[in-house]
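**Student:** Attaching a single structure in structure tokens format; questions to follow.
Since every read-out is calculated from the coordinates, none of them should be taken as a lab result. These numbers come from a predicted model, not from an experiment. Positions of Cβ are generated from backbone atoms using ideal geometry, with glycine treated the same way; all protein chains shown enter the neighbour counts.
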Amino acid sequence: MTASAPGLRRIVVARMKTAMTYRQNVLLLQVIVILNIFILSRLWTTLFEGRDTVAGMTLHTFLLYITVVNLQSWVFTDLTVNEYTYQRVRTGEVVFDLMRPIGFVPQMLAHMAGSHLFMVLSVVVALPVVLMVGTLGAPASPAALALYAPSLVFGYVISVLLAMLTSMVAFWTVETSGFTMLYRLINQFFAGTMLPVSLFPEPLRILAGLLPFQSTGYIPATIYVGRTEGDAALRALAVQGLWILILVLATAAVWHRARRRVAVQGG
């Protein structure tokens, strides 16, 4: 791993530079996310009119949740690796990636790390605007902060693994844009960026519990605002850990088949 570390660092830096080159795309995403937070904040403020709480949450807690979960999604849900993988497979350049001493999967992880680091920087820059259109505040308690930190890391790892899995669709199809758009929509919805999963109708709430997406957004955000705490928070962390294990195994299995498929295509 130490021998490949300089190469991986170069990939991370190169991906960050690429993101900076296309700053207009990042600016557009910033506008979309900020607008989404603003619309949802105004919508829920209106729905709370005349009510002290909704589903046990005060308006402040609700708005804090909406802001935090969308900021998380802003950083996590970056699918540039999907487009990159698709282009490499479509043009056949993926063969050169496979021949490099650094494995293909570590290369893709480094690309995502560079992209996500740039997204973190863009979030920091946009925080003053987010503060004006949404609600930002400290975690509900020191205990919430202590549990939020590992939950956020687990959520990020799950998002990365999901991105790796979806990017590998490129090895089986000549067009991935439709699939990527569908994945983004499903991911955003079941991660709870529009409304908390606890407010879903029961069938959707059950379905959300069977999918990994709430582990990327809903669980960390509810821990942050104090809606998931104590033993419930520890169980939620255990669920996130289980999803990491499942997705690691799934990614390894899919990559094993994808690599063999490339070998067949190459003769």
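**Student:** To the nearest 10 degrees, how steep is helix 142-167 against the longest Cα principal axis of the chain, on a 0 to 90 scale?
**Tutor:** Result, in degrees: 40.
**Student:** Can you tell which of Ala250, Gly56, Leu211 lies farthest toward the positive end of the dipole of the chain, using +1 and -1 charges on the Cβ of basic and acidic side chains (Lys, Arg; Asp, Glu)?
**Tutor:** With unit charges placed on the Cβ atoms, the residue in question is Ala250.
**Student:** Using unit Cβ charges (K, R positive; D, E negative) and no other charged atoms, how large, in debye to the nearest 20, is the dipole of the chain about its Cα centre?
**Tutor:** 800
**Student:** Do you know the relative contact order of the chain, to the nearest whole percent, from alpha carbon pairs under 8 angstrom that are 6+ apart?
**Tutor:** RCO, the chain: 27 percent.
**Student:** The chain: longest stretch without exposed chymotrypsin sites (Phe, Trp or Tyr not before Pro) (DSSP loop, at most 15 other Cβ within 10 Å), sites themselves excluded?
**Tutor:** 23-171
**Student:** Taking only the alpha carbons of the stretch 146-232, what extent do you get along each of the three principal axes, in Å, biggest first?
**Tutor:** 47, 29, 18
**Student:** Here's something else I'd like to know. Please build a GNM for the chain, connecting alpha carbons under 10 Å apart, and tell me which residue among Ala143, Ala170, Ala19 fluctuates the most.
**Tutor:** Among Ala143, Ala170, Ala19, the largest mean-square fluctuation in the Gaussian network model of the chain belongs to Ala143.
**Student:** May I pose another question? In vacuo Debye scattering of the chain, one point per C-alpha: log10 I(q)/I(0) at q = 0.07, 0.14, 0.15, 0.17 Å⁻¹?
**Tutor:** -0.27, -1.02, -1.15, -1.40
**Student:** Quick one: angle between helix 5-21 and the longest Cα principal axis of the chain, in degrees between 0 and 90, rounded to 10, please.
**Tutor:** Orientation of helix 5-21: about 60 degrees from the principal axis.
**Student:** Shifting gears a bit: Can you bin the stretch 173-222 into rounded, prolate or oblate? Criterion: square roots of the alpha carbon gyration tensor eigenvalues sorted a ≥ b ≥ c, rounded for a/c under 1.5, prolate for a/b above b/c, oblate for the rest.
**Tutor:** Prolate, because a/c is 1.5 or more and a/b exceeds b/c.
**Student:** Then there is this: Report the normalised scattering of the stretch 6-109 as log10 I(q)/I(0) at q = 0.10, 0.23 Å⁻¹, calculated by the Debye formula with identical scatterers on the alpha carbons.
**Tutor:** Values returned for q = 0.10, 0.23 Å⁻¹ are -0.48, -1.23.
**Student:** How far is helix 177-190 tilted, in degrees, relative to the longest principal axis of the Cα atoms in the chain, given as a value from 0 to 90 rounded to the nearest 10?
**Tutor:** The helix 177-190 is inclined about 30 degrees to the chain.
**Student:** In whole Hz, with x marking every Gly and Pro, tabulate ³J(HN,Hα) for the stretch 62-72 from phi via Karplus 6.51 cos²θ - 1.76 cosθ + 1.60, θ = phi - 60°.
**Tutor:** 4, 5, 5, 4, 4, 5, 5, 5, 6, 5, 4
**Student:** Looking only at Val94, Val68, Val124, which one moves most when the chain is put into a Gaussian network model with springs between Cα atoms under 10 Å?
**Tutor:** Residue with maximal mean-square fluctuation among Val94, Val68, Val124: Val124.
**Student:** Can you tell me how the stretch 61-102 classifies by the Cα gyration tensor, rounded, prolate or oblate, using a/c under 1.5 as the rounded cut?
**Tutor:** prolate
**Student:** A further question on this structure: Taking +1 at the Cβ of each Lys and Arg and -1 at the Cβ of each Asp and Glu, which of Val123, Met16, Leu98 sits farthest along the dipole of the stretch 1-152 towards its positive end, judged by Cα position relative to the Cα centre?
**Tutor:** Leu98
**Student:** Residue separation times 0.36 nm, minus the C-alpha to C-alpha distance between Trp172 and Leu204: what's the value?
**Tutor:** Details: separation 32, 0.36 × 32 = 11.52 nm, distance 2.97 nm.
Answer, rounded to one decimal: 8.5 nm.
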